[in-house]
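This report concerns only the one structure given below.
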Amino acid sequence: MSKNALVLSLTLLGCVVPLRQSEAAVVYRSAEGWSVEGDNSADAGSAAAQMRYAEELEQKGDEAGAYKAYKALVKRYGQSVLAPKAQRKVGLLLQKHADYDKAFEAYNTYLTKYPQGVDFDSVVEQAFTIAKLFLEGQKRKIMGVPTTSSMGRAQTMFETIVKNAPFSKFASLAQFNVGQALEKQGKYPEAIKAYQVVVNKYAGDAIADDALYQIGYVRLRETREGSYDRTTVSKARESFEDFINRYPESEKVPQARENLKALEGGNAKGSLDIARFYDKTKQHRAAVIYYNEVIKTQPGSPESEIAKARIEELKQQFGEDALRAGPERTETGARAAQRRKLQAKLATASRPDYVGPPVVLPEEKVISTGAPGKPKLRTSPSNIDPAVEPPLPESLPSTPDPDLPKPPQ
């Protein structure tokens, strides 16, 4: 056979084999187990025999042996029509023995390797069930020993389901639970983004209204946990109002209205918390600003009474002038005397019937108390004064200094 004829024969064979596999039918008989009809190839027959062997081990209670046999089938006959079923069996056995991490990975292998498998939806559901266990606090196993629960693992599982089964009926729920896992980790901005994906991508799904409500709820939690960002309160209010307008029939509408009331009352509480923060850090002017805001926005409330009492305490301790907001010019002694001198004139000038000349506060002369300026350099010989030597003493002192050396004799 020529080389070209051999290549042509192999090419035709490659076209025929997939056709035979696609025409093959997987049949299960109670007496015989799995078999593949319409395909007499050695691989298909071996895969069917391996499947029967694995099932016999499982029926006898040898689940460890069955697990190995199913895995061997997938490894050896990965392109067989029985391989997806064997891969699903691997996941089911792991899940049965509470090895949830490995079971999820087995299901994920099915989703990525056999997206056209007849059990695809069932596998997605099993994977979702495991991810939900981790969301509810299931502990991970390390070396077979359960450790602490992992919200991060739950988040990754749900993200994997959304990625590998984007058109399944569990995709929207999985995306919502990504937000739940992030929220439980305290990652509020990321959780809001995850919920927003549900609102935008699955707007017609029943879970979309829950996602929009949850966006408002996460922002409400931020305000309760000490966020001083006023935009957070405003955005939380907008989210609940949007939720009520878009889903007026939702069972969560009454709770959304209660949350709106809590946000209104929370404004005063938030301002009071900010005021106390500045008060504690000895920034008393800033504290008074927020105490006054509490009094203004919530008159008669318990918070406003607390704010009034604290402002009076600060006035008695530091004086009213020291707590006045805004930049103030330092007043020297001379300026204070001038202010007292003109106080009567200023008071008269402020009357509406005053017709005299305007009273102008005189400019204060600023006397520098800093270091002396740089001396002026002399630039010509005429500016140089002649040196004058001090006069010599007319006579030596009568009593010589004992510390001086004596003259030679």
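Look at Arg140 and say whether it is in contact with an Asp or Glu (Cβ under 9 Å, 6 or more places away or on another chain), part of a helix (DSSP H, G or I) and at pLDDT below 95.
Judged against the criteria, Arg140 is not a match.
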Considering only the stretch 296-312, state which residues are β-branched (Val, Ile, Thr) and at pLDDT below 80. Thr297
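Of the residues Lys315, Lys261, which single one is loosely packed, with under 14 Cβ neighbours inside 10 Å and at pLDDT 75 or above?
Lys261
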Would you pick out the residues in the stretch 145-200 that are among the aromatic types (Phe, Trp, Tyr) and closer than 26 Å to Ala106 by Cα? Phe158, Phe167, Phe170, Phe176
Please work out if Ser227 is under 30 Å from Ser172 (Cβ atoms) and at pLDDT below 85. yes
Can you name the residue in the stretch 202-257 that is polar (S, T, N, Q) and outside any helix (DSSP H, G or I) and is also farthest from Val162 (Cα to Cα) among such residues? Ser227
Would you tally the residues in the stretch 295-304 being in a helix (DSSP H, G or I) and out of contact with any Gly (no Cβ under 9 Å at 6 or more places or on another chain)? 5
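Taking the stretch 184-198 on its own, how many of its residues are at pLDDT below 95 and not in a loop (DSSP other than H, G, I, E, B)?
3
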Show the residue pairs that are 6+ apart or on different chains and have beta-carbon atoms under 8 Å apart, the first residue being within the stretch 116-130 and assigned to a loop (DSSP other than H, G, I, E, B), the second being among the aliphatic types (A, V, I, L, M). Gly117/Val123
Do the conditions hold for Asp242, that is, is it more than 25 Å from Glu159 (Cβ to Cβ) and either acidic (Asp, Glu) or surrounded by fewer than 22 Cβ atoms within 10 Å (Cβ to Cβ) (or both)? yes
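The values are calculated or read from the model by the stated rules, or taken from the named source; none is laboratory data. Values in this document were obtained by computation on a predicted structure and should not be read as measured data. Cβ sites come from the backbone with ideal geometry, for glycine too, and all protein chains shown count toward neighbours.
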